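Read the structure below first, then the notes.
Read the figures in this text as sums done on the coordinates, not as results from a lab. Quantities reported herein were computed from a predicted structural model and do not represent experimental measurements. Glycine gets a Cβ as well: all are built from the backbone with ideal geometry, and neighbour counts include every protein chain shown.
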Amino acid sequence: MVGVDRDQFKVDTVRAGSAPFFEPGLEELVRDSVNAGRLTASVSLSEALADADVALICVARLRRRTATWDSISCAAFPRRSPSRSPGGTSRS
């Protein structure tokens, strides 16, 4: 899994095996995942997507009425091969 953020400090923090913010249990999860080679981070979206089969996009939304942050919204986008895309052609 590759996390992407434009904040180099957050990327460096994750790569070092630490959580860039506090959430109970997150520090250990990030450390163990980085040490096992299951997690890394990048500031480059193209680098992160290069070998991805699925992109999971997560964003926090600002509530206009209350000016508070809403829960994070996520959406998954599977990569489609040209042969599976509508109207696509297979490349050999």
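Some points to look at:
- Gained length - LEU56 relative to PHE22, 0.36 nm times residue gap less alpha-carbon distance: 10.1 nm
- Modelled spin labels at GLN8 and ARG63, positioned 7 Å past Cα toward Cβ, are 3.6 nm from each other.
- Other residues lying with their Cβ under 15 Å from the Cβ of GLY37 contribute a combined charge of +1, Lys and Arg counting +1, Asp and Glu -1.
- Across the stretch 2-78, the volume of the C-alpha convex hull divided among the residues equals 113 Å³ per residue.
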